[in-house]
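Here's the structure, in structure tokens; my notes come after.
The values are calculated or read from the model by the stated rules, or taken from the named source; none is laboratory data. None of the values given here were measured: they were computed from a predicted structure. In this analysis, Cβ positions are derived from the backbone assuming ideal geometry, glycine residues included, and neighbour counts consider all displayed protein chains. Accessible surface areas use protein heavy atoms only, side chains included; no ligands, DNA or RNA. Shrake-Rupley method; radii C 1.70, N 1.55, O 1.52, S 1.80 Å.
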Amino acid sequence: MTETASTRDAARDLFATLTGHEPIGTWSAPGRVNLIGEHTDYNDGFVFPFATPHRTHVALGTRTDGRIRVVSTFDPVPVEVPLTDLDALFPSEGAPRVPEWSAYPLGVAWALLHAAGLSADAVTGVDLAFASDVPVGAGLSSSAAIEGAAATALADTWGVSADRVTLAQVGRRAENEAVGAPTGIMDQMASMLGQTDAAIFLDCRTLEAQVVDLGFAAAGLELLVIDTHVKHAHATGGYGERRASCEKGAEIMDVPSLRDVSVADLDRAQELMDDVTFRRVRHVVTENQRVLDTVEALRAEGPRAIGALLDASHVSMRDDFEISVPELDTAVEAAVAAGAVGARMTGGGFGGSAIALVAHDRVAAVSDAVTRAFADAGFAAPHLFTVTPSAGAGRDA
Ligand code: GLA
């Protein structure tokens with residue numbers, strides 16, 4: 001049995017234990033790996049993520065009392081509220097008033113009702129039981145996977161005919177306003193739009209998405225994930241600070257967002273701003289260009305041509321955006337030294353995972369080299385696994 005099928009069973013079993021009956025259906029949504037384009041999404045820029053084979057599954061059943069109850073294998077204490085209380089739970093000012101993880105699915109229910117223009121007493125009550133094999137805190141967007149699973153399940157159940165971009169926006173609103181993490185829309189779009197063996201080239205200003213074949217397998221390549229086990233959280237600290245620096249940089253350049261600054265403008269930017277703000281801006285501006293160059297190189301020459309761009313992206317995050325940590329740098333350096341085509345940290349930073357594009361017959365050697373480098377540096381052993389780009393959110397049964 002695959003991991004994903006057993007995770008779906010875990011969601012069904014949890015549902016049955018909670019309610020004493022079978023769910024009406026199961027839905028799932030993937031996590032994501034971002035190939036390139038980091039901290040560009042909230043600057044109206046470009047990103048290039050794909051969906052992971054790791055998924056969050058949800059089993060759903062209806063109830064007749066207008067309440068919503070959520071439960072997860074990670075925290076089996078159910079959280080239950082009347083749907084009509086959701087507006088009060090997520091006030092526009094102040095912290096959400098629900099226990100930690102339940103803000104994700106309850107926030108999705110709240111945001112979906114608003115997006116669909118539905119009143120809370122016009123829809124059926126629901127029970128939702130979640131199980132996931134997306135590693136939590138690994139920078140692979142376990143949160144977008146919960147949001148995507150909840151959004152597709154609730155939209156189907158409540159008869160909301162929203163398109164996938166709208167459901168991604170619902171997930172993002174839950175994350176920003178219900179959970180309180182000031183993230184962009186990349187993760188939700190990747191989770192909703194993912195396709196097998198392809199990545200999503202997304203313009204975060206227009207939300208126009210192009211599916212681009214990666215061709216890793218045909219080129220004899222694998223995408224290795226190196227989870228450093230250094231936990232990160234985006235509701236706190238560094239992520240919000242970086243976002244504020246980007247807004248400051250755009251204001252100094254007198255543009256709506258850093259998307260409107262090009263590599264050719266960087267000399268002028270350097271004259272106008274302090275060193276730290278300039279380096280934050282330079283990361284975003286050059287990273288946008290690297291996404292465009294990556295897509296072009298892939299299309300023209302295939303995946304072996306993107307290695308240097310991955311490496312340059314990591315250097316920019318390490319030195320200019322300053323969101324790497326020693327474990328991520330060690331992972332990237334050891335992977336490249338052992339023959340990876342290219343490597344970089346992925347996701348929001350301050351921990352989480354690095355990725356390395358590696359020839360099939362070098363995966364074992366690169367993995368050994370990374371594991372050894374961690375041991376030599378006195379770091380806890382990393383978790384290494386390969387991923388293949390997978391399908392986006394949807395109904396499974
Ligand atoms: C996190 C956020 C995304 C994006 C990345 C950095 O994953 O959720 O919106 O900003 O960080 O690229």
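Numbers for the structure displayed
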quantity: Highest-MSF residue in the chain out of P30, P99, P78 [GNM, Cα springs under 10 Å]; calculated: P99
quantity: Dimensionless Rg/Rh of the chain - Kirkwood Rh, Rg from C-alpha atoms; calculated: 0.98
quantity: Carbon plus sulfur fraction of accessible area for region 3-210, probe 1.4 Å, in percent; calculated: 48
quantity: Rounded Å value of the spacing that divides the Cα centres of region 112-126 and region 210-224; calculated: 40
quantity: Extreme residue, positive dipole direction of the chain, given options F201, T52, P382 (C-beta unit charges); calculated: T52
quantity: For the chain: accessible area per residue (Å², 1.4 Å); calculated: 38
quantity: Cα centroid separation - region 264-311 against region 127-166, whole Å; calculated: 32
quantity: Mean Cα-pair separation over length for the chain, i.e. relative contact order, pairs under 8 Å, 6 or more apart, %; calculated: 23
quantity: Nonlocal amide H pairs with R63, under 5 Å, H built at 1.01 Å; calculated: G125, V126, D127
quantity: Highest average packing first - 249-256, 217-224, Cβ atoms within 10 Å; calculated: 217-224, 249-256
quantity: At R0 = 41 Å, FRET efficiency that the Cβ-Cβ distance of D87 and Q289 yields, to 0.05; calculated: 0.45
quantity: Student exercise, the chain dipole from Lys, Arg, Asp, Glu Cβ charges, in Debye to nearest 20; calculated: 500
quantity: GluC sites (Glu not before Pro) within region 274-347, DSSP loop, no more than 14 other Cβ atoms inside 10 Å; calculated: none
quantity: Burial order of peptide ranges 160-168, 307-315, 378-386 (average beta-carbon count within 10 Å, highest first); calculated: 307-315, 160-168, 378-386
